[in-house]
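The values are calculated or read from the model by the stated rules, or taken from the named source; none is laboratory data. Quantities reported herein were computed from a predicted structural model and do not represent experimental measurements. Virtual Cβ from ideal backbone geometry, glycine too; neighbours counted across all protein chains shown. Please note that ligands, DNA and RNA were not included when accessible areas were found on the heavy atoms of the full protein model with its side chains. Shrake-Rupley method; radii C 1.70, N 1.55, O 1.52, S 1.80 Å.
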Amino acid sequence: MGLTTMPYWAVGVGIIGLFFAFYFARSVLNQSPGNDRMQEISKAIQEGAMAFLNREYRTLVPIVLVIFAVLWLAKDWPTALSFLVGAFLSAVAGYVGMSITTQANSRTTQAARTSLNQALGVAFHGGAVMGLSVASLGLLGVTILYLIFKNIDVITSFAFGASMVALFARVGGGIYTKAADVGADLVGKVEAGIPEDDPRNPATIADNVGDNVGDTAGMGADLFESYAASAIAAMLVGFTTYQSINNGLAGVMLPLLLGAVGLIATIIASFFVRIGENANPQHALNLGLWGTNIIMAIAAFGIVHWVLPPSIIVNNVVITPNKVFVAIVAGLLVNVFIGLITEYYTSHRYGPTRFIAEASQTGPATNIIAGLSVGLKSTALPVIVVCAAIYVSFESAGIFGISIAAMGMLSTAGMIVAIDSFGPVADNAGGIAQMAKLEPHVRKTTDKLDSVGNTTAAVAKGFAIGSAALTALALFNAYAELAHLQSIDIMVSTTIIGVLLGAAVPFLFTAFCMEAVGNAAYEMIEEVRRQFHEIPGIMKGTGKPDYRKCVDISTRAALREMIVPGLLAVLTPIIVGFALGKDAMGGYMAGGTVSGLLLAIFMANSGGAWDNAKKYIEDDNYGGKGTPAHAASVIGDTVGDPFKDAAGPSINALIKVMGTISLLIAPFLR
């Protein structure tokens, strides 16, 4: 197979990925959705989730069309079209994934009435639809646009289109889910003293909708963006690295083939996710994740030797297939180590989370102080892992090594999104079991899955943050190529200004996101309190809460509040680049990546640790539910909710938007 025919193989694999997404969707929809009450609850969740997604996309359409017109006028129609395709495919991936996962929840509940293994299968297959859709559409979009235009500079806007949708999906979805969660927890658990997912709580349905909006559509868009941006950045740098041999085709083809191989590895490893009735579901999901990484590593060794020339010298660095393979493995190992570190800092099996639980005995203040300290500590090891990967990949294959390490890491995105989307399905399944008043053993089974889902969600967030860091570096390298930037002199005033502005933006962006959650949560809390006071019999179960009102509050608040942080992310790099020049833009990207990475890790891990500290107390530790320690942990968890599910994950999209915009404006700055 010649280099020129390789993109067609990538297209074929992308189509196969969509076929298996369809296969898993059919396997989910063929399961029983349960009794009438279960179907009623599931339908309410699905309608709320899809209504939010439809309204969010309608809000984005004018923004996307304006950018499309600007790109057409400022550059050319192929660049504008690539942007539009990136935005459209990201939206399609979110729409398909959300549709299936919201239909998988009651089916998982019904399966849990039979067996743990069957429930795991339904929940995971529901998540796999999202994972395979993200990876397949990302691979197809980049490859087909390259085949049409044969110009990598043109298709850089595909990544920007994906970035736009990801940014607003992360911000809007995070605001939605945390407004509902905070309202449900503070009024329901703390003030009214009723359990989680209690049907008497008016915010329960909105909370369940939010799980899907944030962790399914949000994470899917986030990693779709990373996948596309990493592939395009690696293709750009690969073209420059290998341009002396066959017009750089080897360097362009390798990222596409790695994406194709990663998709095949995800499909194969998806069939590893099976357990016995007394087994741990975490082990089954770990088998899928490890299987994907191992298959990917083995296949990558053959791919690099097949595609790349025996050796090439670039900037006095000898690059061989073996060295490129080392860089790919470095990217894959970032997956493993960041996952392990995240699990250590956020799982209640380990000391940091138990330390927060212990601190809860003396009140909310000490709980929050302990959570902040754990989150701050947790930034060091992931940064060391990323630094080690950068060093190894750069020493192996120069800047191409860094770019291909990012692509190696993102090649497993399909499996990561699958196990992350598994979490909301399991969580919703437990809520449906509670609200439908099913047998106690059903909730016990779904709780096992939900517990695993919390861990996989934390690991997926760690993956998303790590991938955002490597993607940002890959984009930085690509920007340097396009802007003809050889180095950045930090002694120049404009460069320092760029660094400081870049470092400040993630903090300002985070402030807007946190403020947005607070504003939306205030509305939700007031509404839940109003319903408790004004609807007769609601606490006795004889009166029915108005779930739709709470869903509407979350939807309106999310769409209203996401605009300001979104515009900040998009407009600031454009202003810095054109006002201060290409060196300042490079400094802006560097400052934003560093501060954004640290802030995202801190917020994600502290939020996860607060959440699991609460769950540890609820497992009859330090007095269990109903004690002052539990009340303090609920407050800590409420603080952590916007940390880990709104502001923290949104920073991933922010730092990648910086990079994708830089690629678009680089030709104007050089």
Could you calculate the contour length gain from Ala365 to Ile63, that is, 0.36 nm times the residue separation minus the distance between their Cα atoms, to one decimal place in nm? 104.5 nm
Rounded to the nearest 0.05, FRET efficiency between Arg560 and Ser311 (Cβ-Cβ, R0 51 Å) equals 0.35
How far apart, in nm, are the 7 Å Cα→Cβ label points at Tyr350 and Asn322? 3.4 nm
If R₀ is 60 angstrom, what is the calculated FRET efficiency for the pair Ser115 and Ser487, using the beta carbon separation as r and rounding to 0.05? 0.50
Label Asn247 and Thr5 with points 7 Å out from Cα along Cα→Cβ: what is the distance between them in nm? 1.8 nm
Given +1 on the Cβ of Lys and Arg, -1 on the Cβ of Asp and Glu, and no further charges, what dipole in debye does the chain carry about its Cα centre, rounded to the nearest 20? 680 debye
Take Leu482, Leu473, Leu333 and sort them by solvent-accessible surface of the protein heavy atoms, 1.4 Å probe, largest at the top. Leu333, Leu473, Leu482
Taking His484, His305, His630 and ranking on accessible area (1.4 Å, protein atoms only), highest first, one gets His484, His305, His630
Each label sits 7 Å from Cα toward the beta-carbon; between Phe22 and Lys549 the label points are separated, in nm, by 4.5 nm
If you count only protein heavy atoms with a 1.4 Å probe, what accessible area per residue comes out for the stretch 481-542, rounded to a whole Å²? 57 Å²
Which of Ser421, Leu333, Ile267 sits closest to the plus end of the dipole of the chain, meaning its Cα is farthest towards the positive end, when Lys and Arg get +1 and Asp and Glu get -1 on the C-beta? Ile267
Using protein chains only and a probe of 1.4 angstrom, how many square angstrom of Cys387 are accessible, to the nearest 10? 70 Å²
Would you mind working out the accessible area per residue for the stretch 609-670, using a 1.4 Å probe, and quoting it in Å²? 25 Å²
Any of Lys377/Lys644; Lys43/Lys448; Lys178/Lys540; Lys43/Lys461; Lys614/Lys656 with alpha carbons more than 21 Å apart? Name them for me. Lys43/Lys448; Lys178/Lys540; Lys43/Lys461; Lys614/Lys656
What are the equivalent ellipsoid semi-axes of the chain, built from the alpha-carbon gyration tensor (square roots of five times its eigenvalues), in whole angstrom, biggest first? 40, 26, 23
Which angle from 0 to 90°, rounded to the nearest 10, does the C-alpha axis of helix 364-377 make with the longest principal axis of the chain? 20 degrees
Mind ordering 295-303, 648-656, 89-97 by average Cβ neighbours within 10 Å, highest first? 648-656, 89-97, 295-303
What accessible surface, in Å², does a 1.4 Å probe find on Val317, ignoring ligands, DNA and RNA and rounding to the nearest 10? 40 Å²
Protein accessible area in the stretch 554-670, 1.4 Å probe - carbon and sulfur %: 65 percent
By per-residue mean of other Cβ atoms within 10 Å, what is the highest-first order of 448-461, 428-441? 448-461, 428-441
Hey, what angle do you get for helix 219-241 against the long axis of the chain, alpha-carbon based, 0 to 90 degrees rounded to 10? 10 degrees
What's the extension gain from Thr627 to Phe272 if we count 0.36 nm per residue and subtract their Cα-Cα distance? 123.6 nm
Hey, with R₀ at 35 Å, roughly what FRET efficiency would Arg55 and Thr542 work out to, going by the Cβ-Cβ distance, to 0.05? 0.60
Within the stretch 217-315, what whole-number % of the accessible surface is contributed by carbon and sulfur, with the 1.4 Å probe and all protein chains included in the calculation? 65 percent
Beyond 18 Å, the calculated P(r) of the stretch 104-170 holds a percent of Cα-Cα pairs equal to 57 percent
With a 10 Å radius around each residue's Cβ, average the other Cβ atoms per peptide and rank 542-549, 257-264, 51-58, 579-586, highest first. 257-264, 579-586, 51-58, 542-549
Longest principal axis of the chain (C-alpha) makes with the long axis of helix 116-149 (C-alpha) an angle, in degrees to the nearest 10, of 30 degrees
Considering only protein heavy atoms and a 1.4 Å probe, what is the carbon-and-sulfur percentage of the accessible area of the stretch 469-547? 64 percent
So for the stretch 69-115, considering every pair of alpha-carbon atoms, how many percent are separated by more than 12 Å? 70 percent
Candidate residues Tyr344, Tyr176: accessible-area rank, largest first, probe 1.4 Å: Tyr344, Tyr176
If I ignore ligands, DNA and RNA and count only protein heavy atoms, how much of Thr292 is accessible to a 1.4 Å probe, in Å² to the nearest 10? 0 Å²
